[in-house]
Structures are given as C-alpha cells and as structure tokens.
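Every number in this text was worked out from the coordinates using simple rules, so none of it is lab data. All values reported here derive from a predicted model rather than from experimental measurement. Every residue, glycine as well, gets a Cβ built from its backbone with ideal geometry; the counts of neighbours run over all protein chains shown.
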C-alpha cells in the first residue's frame, strides 16, 4: 500500500531538517555571491578569481587532495583488512587506529606544529641522533616541498580514521562464506582481496571517498598551523574575505567555487564506483 | 515508536534549554582582546571582579566575534552588553549600530585618542580603553653581536640588519623574528614603522622612490630573518625557545617572554630610517551596541573600565597601558616595565616620527592591510620586481582611498578629501 | 598483509612477522604524536620551550592545574557532553530512515537527493553561521543546548545518511524478503532482522556525530554565550596562548573524546560478533 510513498516518508525528516538548517541559510548566503550592489552579476567571481593568490590557492587545494586522499584510501583499506583478519587484540588495535577521529583539526595543527617547528620534536630527534648540530628551520619559504609534506602527513594522520571506520563497518558486512568458498578454490589472500573485498565494499568505498574528498577541499586549520602564510588554500581565501576584508559576497563566491569542485568530484567518484543494478559477484 | 522517541527527546531538550535561558543576567563583555587563556582569566579574576555587577567576559576570535555581533544587530535583539575591540574593528562598523557614549562623561586623557574614537562622526562611537605599541625585544645572547658604535636604544635599520647579519654569520642561523604568520601583525610594521621611517608617509608615498628603498631594506632584513617567520604570530614563543634572538612585535605579544624569564631579555625602541623613527600606537576601545539588553548596566561596565584602579588592573592582566592619567606603581610585572621603558624611549627620542592609526577607512580596513601584506608577499617572499609590484598595488590603494574618501593621517601631510596616492 | 602470500620461503612465518610489524608501526604512527602532546602537557613551561626536547614527561602538573582552576571548565564540559549526545541521537533518528530509503527503494529524485545530502558538507559553516544566528535569535533557540545541537546535527546528518545507506546496501534484500514470508511485516522484519545487523555501523555513525559535535568551534562560539561548549570555551583561544597552555588545553580537549570512543568500542565489537555469524 504505502510502498510508493514510503521512501518519501523516510527521507522527509532529513529533508525538512536540512532545508531549514542548511538550504535556508545557504540560499541567503549564496545569492550574495551573484549580487554586486546594483544587480545580478558575476563580478564577485571575477574579483576573487583575478586575485593573484587565487590560482595558487586553487592549485594547492587540488594538489593536497590529490596526494592525501589516495594515500588515506590505501592506508585505510590496508588497516581495515588487517583488523578484519586479526584474532587477538583486534579491538585494542582498532581503538588505537580510530583515536585521531576524536582530535579536532585545530588540535591536530597544534600537535604537528610542535613536531615540525624549528625547536620542535623532529629537530630534537635528529639532534639527539647526531644528524644535525643545531636546529634549522624546517618549515620555511625556502622549503616548499617540506611544507607540503608536513601538511600532507598531518592530514593523513588526522583524517584516515574517518575512512577506516566506514570501511571496517563495510567489511564486517561481507559474509564469511565468500572467503571460505574462495579458500576452497585455492584463492590466495591477495586474490580474495581483489575479487571479494573490493567489489563488495563498493558502497562503503564510495561513501568514504566522497566524504573524504569533500572534506579535503575544505582543509584549513592544519594548513594554517603548518603552512602559515606560505600555503594558501581556497578555504583560507574564503575566511580572509569574510572576516578580514568583511566582503561576504566575495567569500560566498569562493565558497561556491569550492562547492563546484566538490560537486564535480562527487559525480566522478559515484560514476566510477557505481554498483551496477542486479550485478552478481 | 521512533517518532515517539524523537518527540520525547526534543521536548526534554527544549525544556532543558528553557531553564538555561531563565538564569541569564550578567552583562556580556564580548571582546577580541585579552584572548589568551591566561589573560582572559586575569580579566575575569582581577579586572571585572571589582565591578558592581556581574560581568561575563568572553574573548573571541575575530570571526565569531563579528558574526555574533552582526547577527544580533540584524535580529535587533541581543545579549551582548559591552564590546571590546581595536580601533580598526569599530571603524569597520556602521556608526548607527554603536551607542553614542559622549554623554557619559568618561574619556581618555589623550585628545587625539578621543578624536579617533569619534570615527569621523560627531559622536563618541567608542571610549578608548587601553593602549599599546609595537616594540623590539632581544635575547641577551644577541647583545654581544651588536655592531660597533650602535646604541641599542637608538638603532637604525642599517644597524639592525648588520646586527642580525652578525648573528647569522657567527651562529649560522638567521635569528631575527618577524611576525609574518597568518595571525601576525606584519602589516602594522609596514604601515607604522617601515614606511614612516623611510618615506615620511604611508598613503601619499606608497609607490615613491623612497618606498622602493624601504622595500630593498626589507629584503635585506628578510635575508637575515628566520625563514620560519611565516609561521610566527606571537614572537614571545620564538624568543623563549630561542628560534629568534631579536624580535619585532606588539607589546602584549612579547610580554610572555619577559614575564617568564625577565633577566634574559631586553626591550628597546624600533629602529630609525632616513625620515625618523616611525612608530604607531594600538588603541583598544569599549563600545555598546544598540542592541544591548540593559543599557544602564552596560554603561556602568564601560565606566568601570575607565577607572584608574581598573586601568591598572587591566595593565597587569593584559600588558595594555592605561589611557587615563594614573601613577604607575613600582611593582608592575617585568613585561610592563620593559615595554613601558621601550615605548617611552621611542616616543621621547629626538627623531621620533609617530604615525596615527588609519582613520576613515571603514569596512575597507582589511583591504588596506591587504595592500601592504600582498606587497610584502610579492616583493619579499616571491621576489618580484619592487617597482612593478608597487605600481600594481598603487592602483588598489588609490581605489580604496577614493571609495572611502578617507583623508590623510600622520605622518602623511593632511589632504583635502581623499588621501591621494602620489 | 596483502604482501604476505608473495613473500618467498616459509611464507607463513615471514608473513606473520611482517604483519605484526606493520600493525605495530601503524599503532606507533597514530600514538606517537599523541604521546608528544602528553609529554608536553606534563612538562614545566621551561621544559616545553627548551631545545632539545625531552621524550619523557617530568610529571609537572602546573599547566593542568591552571585549567583546573579556570572558571567555567566543568560547566563547559557538561554542555559539550549534552550537545554531543543530543547531536548523536538526532542525527541517527533523522538520518537512518533516509539511509534505508536510499538503499531499498527506487524513487524519483533519488540521485539528486543523495548528491544534495553530500553537498551540504561542501559549504563552510562559518559562512552560514550569520543567517543561522539571526534565525536562532529570532526564534529563541539562541544560546541553548538544543539549538546548537540542531546545527551540529546538520553537520553530522550527511554522515549518518551515507553510512547507514552503505550499511543497508550491504545487507541482502533477500534476508528481509525471507522474513516477510515468515510472517513479519516491513517494520517487524526491519527490527528483527536488519537492525541487529546494522547496529555496529549505526554505532560508527554515532561516533562520528559525537566527535563532529565535540570538535566544532565556530557555530559553538557564535551560538552559545552562557552555555559555552568546552571547545568554544578553550580551543578558539588556545592558539594565542602560551605554548605550555596550548598543549595542556589541547590535551584536555582530546581526553574526553578518547574516553568516549573507548567506551563505544566495547559496544561496537560486541555487536560485530553477531554481524559476522
């Protein structure tokens, strides 16, 4: 009877909720991006994209996501399969691996800056091991690669757990029988991973990837702590417009550009990892 | 069944929140100043505990501070009683949103500050609350490397560069620290120190030949500056951990070093250039938004902040100096003594060339700062040609001045109408 | 572990060795930075600023004590817990039905709906905070635990929808259909068959919701005054504070989140046992 309406009933609460607390304010903010004081125009977009730092921030944001997300995906998959195969102590290991989930990006920035700053832990360690006589500045404008590596490491440390949890839950749902059958046919672990785990994990994989990619485009606090003024990203541009230049419409324009990139990558990921209808494994 | 759970939880939550609203009574002091946890605690314990009414002191980052304030103004109903912020924050606000405090009968001892507080209107938009400045500080380890014949209390930019150069040569490390981090106050160095010292102006002389020289000096200085400075925003940290031996920063951002290890550091005036020793004050003010829930209580808090004993307590808590006439006692914290001495020497020096805070820029204050910061990033960090960059940025600066029609401020010569970029 | 089978000679042994090392290294990778935070928290201000740094805590409680005396800490902690718990409950109640609908039904506008849900996370909250705050002040939701939890739920609910969607998708439809033939209706089949299977995943998305709420600063700073959360109370001012307080404050923020994940982990694993049988 209600089969036709049931899905709409089920999505109603979330729609009402997001409509009220996301779409309503979003509409108010987004329309300012297309308004230049006199009428509708794209002037704000021209303004923000012609700013000399925009191409740099754009490139930095994309590069960071392109490097960090695949590494996180690989790492999370590795960790998830390891946890799954574990017999003893697996809840302790899983707990340890999910710890970064509880750490905010601001706190992560504080921790990693303490490692990479001139008189920080990394230099202390190298000093103790006799590699260096005195601490030299690691994070500096002469060392753009190291800045990138430091930010990437901090992001990988902080945000891999979010993918791990999704993947572990997903792997837990794959029936053991498939693996048992595979073993009967003599498939090795690598083959099992490729033929069973990966295909059956597709829904979880796409969820994890999409969320991670979207959040990667919004990276800010860690980058600001480690990269200082040397590594502008799109989000730092947004905040600079909003809170330093008090130019809300320009801030909204940059934010909409980020939204645009997010939409594009979401569509690509969902296409690539689409679960075919009626497909059998 | 699910719906039931949802309902009950929602109802209990609403009930819970209603009880929370009912107890609200304190005057909310919404501030961008005295943010570090120690200073915030001192504000509550030592400064505001002496007020007649309960005051809830809440320091915030600029973002939340502004967002909340604007939301209350838009909703025409609010809980913020008193605003504490810098001159620049207030000048960016709509003058109708701040209550005229002229009739309160309190003001600072400085006529200049009181004039600035009118923000170009006829009304007292805010009351000057406390002041500070930017000074230099050095670790005593750096003193042996002072160039010959240099007087630390009367340094020139060339001597500063030579000094930092000596240290770099001797230790192999660049030990000058400059607040070029994301929250660093580097733009004030260019606006209030470098430009006045080399060009005797800020706006008029922005792209002059003297300005080219100034930026060349900046490059020389940067060559002996700790390259990690792009992460430095509070130089007290780098002084304490030894990453910087000489530093330029806001007095309250150097205070931690002096208070923690008073015997290890010295404070001294900013250097001088061909057109004198440029320096700039920092003024924080208190104001009342038109949406304040209890106007009388808010005014009482403002009056309390201007009392001599409160001003002294504020000095101890935040390292910002009083704006009213008050005798400074002898037992002040080391940071206050050090900073006070350096500021006095700076303003009393024969070649002093004091600048004023930008006035009349309104909401364009951030864009104005960006002109200088962008010039720095392009010239010094990216190594672009000075003349090209200045000519390019000049157009942006002129546009800001024309749009706001802000008149010139010292050390620029006064102007009729908008300050011209020559 | 994927390399294991390709390892030459006595693969079992070498494999186990490589495996154990990998687990150990990954644990060290996660715990290392946290240990440094811990060392710094329990060091005197002098030690925190010294070079080279020590790797052993000296158990100096000066920095921690400062926060213990910090007015309003316990109140802020309690507020944080309330907001995070409410967020957790609301995001699951609102999100899970949508996740179920997405996985079980073909309906018009499904793809659009799914993408829309995702995209709510692609726009920065600090820009939305102004209109939200105006709305809240006008409706009286301002400065309430419930109001802040609403905003945090907005942040958490896309996670809840997507995670529950992928969980439901992993459960064969046949299982439910089998239950129907055995006399269950849609609801009882769901409760008796599907729910036990997906509870661990629900827990995972509950952890997300909790953590998202716990760590959110901006909305909390704007929308709460009297009822500040711990994060809004501490974190936004930490980066301007002295180094030793920075570390101690960071530590204080991290600990409750760790305890929470630890507590939920037990539950997560008890349920997981069922899911695999």
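Between the beta carbons of residue C:69 and residue A:149, assuming R0 = 30 Å, the FRET efficiency works out to 0.15 to the nearest 0.05.
The translational diffusion coefficient of region C:1-135, from Stokes-Einstein at 20 °C and 1.002 mPa s with a Kirkwood hydrodynamic radius over alpha carbon pairs, comes to 99 µm²/s. Taking only the Cα atoms of region C:99-141, the ratio Rg/Rh comes out at 1.20, with Rh defined as the Kirkwood radius. Take every pair of alpha-carbon atoms less than 8 Å apart whose residues are at least six positions apart; their mean separation over the length of chain C yields a relative contact order of 25 percent. The simple spin-label model puts a point 7 Å past each Cα toward its Cβ; for residue B:416 and residue A:198 those points are separated by 7.8 nm.
Computed from Cα positions, the angle between helix B:295-306 and the longest principal axis of chain B comes to roughly 30 degrees. Remark on region C:4-64: ratio of C-alpha radius of gyration to 2.2 N^0.38 Å is 1.79. Multiplying each eigenvalue of the alpha-carbon gyration tensor of chain C by 5 and taking the square root yields semi-axes of 38, 32, 16 Å, largest first, rounded to whole angstroms. Put in order of Cβ neighbour count within 10 Å, fewest first, the listed residues A:82, B:43, B:124 become A:82, B:124, B:43.
Shown is the FRET efficiency for residue A:126 and residue C:46, computed with R0 = 22 Å from the Cβ-Cβ distance and rounded to the nearest 0.05: 0.50. If you plug the beta carbon distance of residue B:294 and residue C:185 into 1/(1 + (r/R0)^6) with R0 = 51 Å, you get a FRET efficiency near 0.30. Summary value for chain B: 23 percent relative contact order, contacts being C-alpha pairs under 8 angstrom separated by 6+ residues. This ranking places B:380, C:56 by how few other beta-carbon atoms lie within 10 Å of each, fewest first, which gives C:56, B:380. Between residue B:309 and residue B:94, full extension at 0.36 nm per residue minus the direct alpha carbon distance yields a gain of 74.2 nm. To the nearest 10 degrees, how steeply does helix B:209-223 sit against the main Cα axis of chain B, on a 0 to 90 scale? It is inclined by approximately 90 degrees. For region B:255-373, with equal point scatterers placed on the C-alpha atoms only and solvent neglected, what are the log10 I(q)/I(0) values from the Debye formula at q = 0.09 1/Å, to two decimals? Log10 of I(q)/I(0), two decimals: -0.37. Axis of helix B:365-376 versus longest Cα principal axis of chain B: the two differ by about 30°, to the nearest ten degrees. Each principal axis of the Cα cloud of region C:151-198 was taken in turn, and the coordinate range along them, longest first, works out to 42, 18, 13 Å.
Rg and Dmax of the protein assembly as shown, both derived from C-alpha coordinates alone, stand at 29.5, 99 Å. When you work out D = kT/(6 pi eta Rh) for region A:189-281 at 25 °C and 0.890 mPa s, using the Kirkwood radius from C-alpha pairs as Rh and the Stokes-Einstein form, the result is 156 µm²/s. Taken along the Cα-to-beta-carbon direction at a fixed 7 Å, the label points for residue B:52 and residue C:28 span 6.6 nm.
Note that chain B carries a Kirkwood radius of 22.8 Å, evaluated over its alpha carbons pair by pair.
With springs connecting C-alpha atoms under 10 Å apart, model chain B as a Gaussian network and identify which of B:244, B:150, B:406 has the largest mean-square fluctuation. The residue that fluctuates most here is B:150. Relative contact order for region A:52-272: 29 percent, from Cα pairs under 8 Å spaced at least 6 residues apart, divided by residue count.
For a modelled paramagnetic label at residue A:41, 7 Å from Cα along Cα-to-Cβ, the residues of region A:218-252 in reach, with backbone nitrogen under 18 Å, are A:247-252.
Secondary structure note: in the protein assembly as shown, about 60% of the DSSP beta bridges are antiparallel. Taking C:253, C:77, C:118 in turn, the Gaussian network model of chain C (Cα-Cα springs below 10 Å) assigns the largest fluctuation to C:118. Counting neighbouring Cβ atoms within 10 Å and putting the fewest first, the residues C:12, B:68 line up as C:12, B:68. Largest mean-square fluctuation among C:15, C:201, C:109, in a Gaussian network model of chain C whose springs join Cα atoms under 10 Å apart, belongs to C:15. Put simply, the Cα atoms of chain A extend 71, 68, 26 Å along their principal axes, the longest span coming first.
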